[in-house]
1. Quick one: PRO99 ticks every box in (1) open to solvent by less than 90 Å² (accessible area, probe 1.4 Å); (2) closer than 24 Å to ARG63 by Cβ; (3) out of contact with any Pro (no Cβ under 9 Å at 6 or more places or on another chain) except a single one, so which number is it?
2. Given the options PHE154, PHE127, PHE122, PHE148, name the one that is out of contact with any Lys or Arg (no Cβ under 9 Å at 6 or more places or on another chain), open to solvent by 50 Å² or more (accessible area, probe 1.4 Å) and touching a residue at least 24 places away in the same chain (Cβ under 8 Å).
3. Please work out which residue is most open to solvent (accessible area, probe 1.4 Å), limiting yourself to the stretch 130-145 and to residues that are β-branched (Val, Ile, Thr) and under 20 Å from PHE72 (Cα atoms).
4. Please enumerate the residues belonging to the stretch 157-171 that are among the polar types (S, T, N, Q) and without any contact (Cβ under 8 Å) to a residue 24 or more places away in the chain.
5. For ILE105, all conditions in the list (1) under 21 Å from LEU53 (Cα atoms); (2) in contact with a Ser or Thr (Cβ under 7 Å, 6 or more places away or on another chain); (3) open to solvent by 30 Å² or more (accessible area, probe 1.4 Å) hold save one; what is the number of the exception?
6. Pick from SER115, SER80: which is within 23 Å of VAL52 (Cβ to Cβ) and among the polar types (S, T, N, Q)?
7. Among the helices (runs of 4 or more DSSP H) lying completely within the stretch 64-171, list those that include at least 2 residues that are more than 30 Å from ILE41 (Cβ to Cβ) and at pLDDT 95 or above.
8. Given the criteria surrounded by 17 or more Cβ atoms within 10 Å (Cβ to Cβ) and assigned to a helix (DSSP H, G or I), does VAL60 qualify?
Amino acid sequence: MAYLVFLIHLQHLKQIGHFHVRAIKSLYNRVEVVITMRSLILSTASKILLPVLLVFSFFVLIRGHYEPGGGFVGGLVAASAFALFTISNGVKEARRMFPHAKLFIILGLSFALISGLIPVAFGQIAFTGLWTDFSLPVIGKMSTPFLFDIGVYFVVVGIATSIIFTLKMKE
């Protein structure tokens, strides 16, 4: 009887939204209740930090054009922003925020392939670095290595968030 009252109380807490309750079967066919608590502070902080970390990841991507950083590191920073958001708010909310991880992978591979084929169109060897004459204010001169870095950024974000979502769903 006390077990039933406990489960009813847990279901009530689940409806409030502070706890995540699920029942799993253990090795010995007993039902065990797993309770995880969602922190309101972490959830709110992650919603504030997500755009800040994404802007910082873009900064690292651009900075890597001339200094240390680049697509890989920027992609990892962006993926860590989504990891923080996923841990604090759950996979369902994170997938709503970032639903197309596979599209990012395809887009990134396309950017990398295009950056390798542009030199071939100009009679050069594939993946030769080419720079344009014009310069953008923050980024600097546009080039095929920068286009490749953008591709790496998208691939890393797509793959890392796919892995994070998959691992978190298995919990």
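1. Condition not satisfied by PRO99: (2).
2. PHE148
3. VAL138
4. Across the stretch 157-171, the qualifying residue is only THR166.
5. Here ILE105 meets the rest and fails (2).
6. Only one candidate passes the filter, namely SER80.
7. Here the list reads 101-121, 144-170.
8. Spelling it out, VAL60 is indeed surrounded by 17 or more Cβ atoms within 10 Å (Cβ to Cβ) and assigned to a helix (DSSP H, G or I).
The values are calculated or read from the model by the stated rules, or taken from the named source; none is laboratory data. Because the structure is predicted, anything quoted here is derived from the model rather than measured. Quick reminder, even Gly has a Cβ in these numbers, built from the backbone with ideal geometry, and neighbours come from all protein chains shown. Accessible surface is based on the protein model in full, side chains and every heavy atom, while ligands, DNA and RNA are left aside. Shrake-Rupley method; radii C 1.70, N 1.55, O 1.52, S 1.80 Å.
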